[in-house]
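First the structure, in the form of structure tokens, and then the observations on it.
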Amino acid sequence: MTFYAFSALFNFFTSLGLGLFVLVKNKNNKTSQTFSAFAFTIAFWSFFYYLWQIADNSDSALFWCRVLMAGAIFIPVTYLHFVVRFLNIQKQKIFLILSYILFSLFLLFDITPLFVSHVEPLLGFAFWPIAGPIFSIFLPIWLAYVVYSSYLLYQRYRSVEGLQRLQIRYVLLGMILGFAGGSTNYFLWYYIPIPPIFNIFTSAYVATVAYSIIRYRLMDIRIVARKIFIFVGASVVAYLTYYAILWFENNLLGGAYSSKSFLIGVVIAGLFVTLFQYSSRWIEKLANKYFFFSLYNYQETINRVSGQLTHYTDLSKINDLVSATIKESLGVTRVEINLFDKNSRSAKKDLLVKYLQTNQRPVVLEELNILVNDERLKDQRETFSAVYEQVKNLGASICLPMVSNERLIGIIILGPKVIGDPFTVEDLELLMTLSNQAAIAIDNAELYKEVKDFNKTLKQKVNEQTMSLQDKTKVLEEQAEHLKKLLAMRSEFLDIASHQLKTPISVISGTISMFKEGSVQKMPVETQNKLIDNIYQKSLKISQIIRDILQASEFDTEKFSFVEKRIVPVDLNKMLTDVVADNKAFADEKKLQLIFTPNPANPQINSDPDYLEQAFFNLVDNALKYTKEGKVEVSLDENPQSIIIKVKDTGVGIPKDDQVRMFGKFERAKNAVDMYTDGSGLGLFITKEIIEAHPGGTIAFASEEGKGTEFTITIPKTKK
Amino acid sequence: MAEEEIKQVLMIEDDPDQMFLYKSAFDLQKIPSVMANGGKVGIEQAKRWHPKVIVLDIVMEGVDGEEVLKRLKADPTTKDIPVIVFTNLDKKPVKEKFMALGATEFWGKTELMPMALAAKVQDYFDRR
């Protein structure tokens, strides 16, 4: 077989193979379909080229020539069609249809000698076609189409960046090589003595397109290509080994069927199996290394990182690990992990966020660019444009959603790769896996943190509560003690109050009962009158006691204080004179002197007159009650700061031991009880409350048992 | 020298108005009565007159009712005299205390009217 026949067969198989694979893998993709059509056209041409090369007579050679030209005719139009589809160029439909019609016309001519005139031996070729007149029209058109299509590719190549650029680069390169190589066929048609030595380069496009597919996700069928590569590689190894063994056995062991061969063959078989396994793996590694480096590495990376991620509960550690991993594996310039604040609302409105939320796939800048320009997605163009702009402004090449429990918890932003390469499918798969792992780990870490925080807070609160419980218990105990005291005091108060009230009541009810029985009427008149008078006095007494009790309870609730608007300037001379006058009758009864000398200066004080008078009255009344003989003197003095009122008596005095308690409720000195069993013990208490209700007011006494007592009231002067 | 015991009641009370009231009642019933003004006097009178029954107030100046009762019961000459505690401090704990101290009866002044008291005293006279 000649080299040219071989090259044709080679071209046939490669084009057919590629066309088939592209079609099988992506039969619905228009780009794949047109590419396959293109590839099949070339395959068709190549196959009949081969047949023509091995033809042994001129008739069959001519026939094959015409058939192969049928294929060749459609190469440019399928090429154009593919390019149009690949580049997504619009408005070419009519042109394409016309092109197809045009080339179909040429096809018609192909049957005639106007196209392929005849075959003749040339330059070592037995049967070379010679151009007919129509061919001369055809050829420039053929070239024009090829150039035009290539130009379109070139134009796009110039205008885009990144992934598509690289894709186009390799496709274009291959096509140019291929067409250039294939075009070397045409020289001989015009007797130009250059053989089609570069015909084999037709397959260059196969190689470059394949590479583009593998490397740059062109038509995305690398996995299959890889498998083929490995298979082919292994087959080659097996093939070579087979022939090596055969040669070895034939030449050194006396033939493949000699007994020596059979024996050695056993060992060889074993060796072969082992070596074949090794070599297969080596071929796989090779495949991975050159085209799928990422895949091999990525699996390892993902496994390693997943394991690590599950161990970390610290958010910052997780972030560091993820960033580092991405940087290492992909060689990106920048990794940014943005977590959404759970409470943030603004994030939800973000267009990019929304986009990621709906799609939950990585957003690749270049892809977005393609999507923006894709005619078929015209109605979403605005969204794509907006998102594209946003991503671009972020300086990101990829935005990865971090999804946990179907919830978008954050975004990972990646800058471009350091080497400028685009992101491959494996890259994206790795990133998706990583980002999902990260999302779960982060979610868990946050949960963990929440639980930790919650535990901490809980502990704190428990401590607080425990402490405050202890404090509270103490307070409660104190309060209970206090309450007990109060209750004791209250019951004491009630006891005394009831006793105080019952005493006069018993006299009244006792006397009345005797009236009812008719007993009183039998008594002497004086007795009757006395009894009647008693009743009267006792009923008055009851009123007084009740008044005392009520007043004491008034002072009971809170610290007693004056009502603002009842405070008026008080004429003290007048008040004290009145108080003395009120007590005159009592004093006379006991044959005591009661004196008050008004102060000429007549100092005034701001106070509530009713209460103040009450206080004075209590003191004078007390003084009179507890004096057997002598006098009670009331005086009114002042100094620059205060008013001073004194009530001095020559009474029984207050025993030293009792002096401390005097102002307490119901407190009565022993000797007072002796003197005046009816005393409620509230008088001084009430007086003290009233005096102390004045800002800075005080009441004190000096007393000696048997000698008398002097009470001193001091009230600071205030401006109203 | 037959001990001619005059049956009389001793009332130990310090409120003059009450004294007057109950005296009037005793007088009306023709019950001989001795009024003692206060605890100290009361004990003296008790020892002197050996009354048939003593009516004892609690709240008094100087020696109060409790003290009086204790002393009466401590003294062999007076411990057998029945004592009616007659007071305005008529509460259960007080009653219990005085009963435990040896009082025969305990009455509140708002409970037992003067004539009823007189009738009770008469009972004591009649019983012995």
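The values are calculated or read from the model by the stated rules, or taken from the named source; none is laboratory data. Computed from a prediction, not measured in an experiment: that's the story for all the values here. For neighbour counting, all protein chains shown are included, and Cβ atoms are generated from backbone atoms with ideal geometry for every residue, glycine included. Ligands, DNA and RNA are stripped out before the accessible areas are found, and what is left, the full protein with its side chains, is counted by its heavy atoms. Shrake-Rupley method; radii C 1.70, N 1.55, O 1.52, S 1.80 Å.
With N the number of residues in the protein assembly as shown, Rg(Cα) / (2.2 N^0.38 Å) evaluates to 2.26. When each of the peptides A:231-240, B:85-94 is scored by how many other beta carbons lie within 10 Å of its residues on average, the order from highest to lowest is B:85-94, A:231-240. Whole-Hz Karplus values for the stretch A:201-207 come out as 6, 3, 6, 4, 4, 4, 4 Hz, taken residue by residue from phi with 6.51 cos²θ - 1.76 cosθ + 1.60 and θ = phi - 60°; glycine and proline positions read x.
Straight-line reach from A:LYS565: taking Cα to Cα under 20 Å and skipping same-chain neighbours fewer than 8 places apart, the aspartates and glutamates in range are A:GLU554, A:ASP608, A:ASP610, A:GLU613, A:GLU689, A:GLU692. Under 18 Å from a label point set 7 Å out along the Cα-to-Cβ vector of A:LEU123, the amide N atoms of the stretch A:27-68 belong to A:49-50, A:52-54, A:65. Here the Kirkwood formula, the inverse mean of 1/r across different C-alpha pairs, assigns the stretch A:8-97 a hydrodynamic radius of 13.7 Å. In a fully extended conformation the segment linking A:THR2 and A:LYS522 would gain 170.0 nm over its present Cα-Cα distance, using 0.36 nm per residue. Between A:PHE596 and A:VAL634, the built amide H atoms are under 5 Å apart, and every one of these is 5 or more places off in sequence or on another chain. Based on every Cα atom in the stretch A:461-607, Rg and the maximum pairwise Cα distance Dmax equal 25.5, 84 Å. In this model, which of A:LYS625/B:LYS40; A:LYS584/A:LYS656; A:LYS502/A:LYS541; B:LYS40/B:LYS79; B:LYS73/B:LYS109; B:LYS23/B:LYS109 are farther than 19 Å apart at the alpha-carbon? Long pairs (Cα-Cα over 19 Å): A:LYS625/B:LYS40; A:LYS584/A:LYS656; B:LYS73/B:LYS109. Over what distance in Å are the Cα centres of the stretch A:108-134 and the stretch A:12-62 separated? Between the Cα centres of the stretch A:108-134 and the stretch A:12-62 lies a distance of 21 Å. Between A:LYS656 and A:ILE567, the FRET efficiency from the beta-carbon distance, with R0 = 45 Å, is close to 0.75. Can you list the residues of the stretch A:608-635 with backbone N under 19 Å from a point 7 Å past the Cα of A:ALA585, pointing along Cα to Cβ? Correct set: A:614, A:617-626.
Between A:ILE228 and A:ARG165, what FRET efficiency comes out of the Förster formula 1/(1 + (r/R0)^6) with R0 = 22 Å and r the beta carbon distance, rounded to 0.05? Once rounded, the FRET efficiency stands at 0.25.
Of the solvent-accessible surface of chain A, computed with a 1.4 Å probe over protein heavy atoms with every protein chain present, carbon and sulfur atoms account for 61 percent.
Centre-to-centre separation between the Cα atoms of the stretch B:13-49 and those of the stretch A:471-548: 22 Å. Helices in chain A, meaning DSSP H runs of at least 4 residues, each add -39500 (n - 2.57). Divided by all residues, the mean residue ellipticity at 222 nm is -23000 deg cm²/dmol.
For the stretch A:36-182, the Cβ-based charge dipole about the Cα centre amounts to some 820 debye (Lys, Arg positive; Asp, Glu negative; other atoms uncharged). Per residue of peptide B:104-110, the mean number of Cβ atoms on other chains within 10 Å of the residue Cβ is 3. For the stretch B:39-82, the alpha-carbon coordinates run over 24, 17, 15 Å along the three principal axes, in decreasing order. The slack between A:LYS27 and A:TYR191, meaning 0.36 nm per residue of separation minus the straight C-alpha distance, is 54.8 nm. Looking at the P(r) of the stretch A:68-160, how many percent of alpha-carbon pairs lie beyond 15 Å? For the stretch A:68-160, the fraction of Cα-Cα distances above 15 Å is 64 percent. Among the residues of A:522-528, the average count of other protein chain beta-carbon atoms within 10 Å of the residue beta-carbon is 2.
Once the convex hull of all Cα atoms in the stretch B:51-128 is built, its volume per residue stands at 91 Å³.
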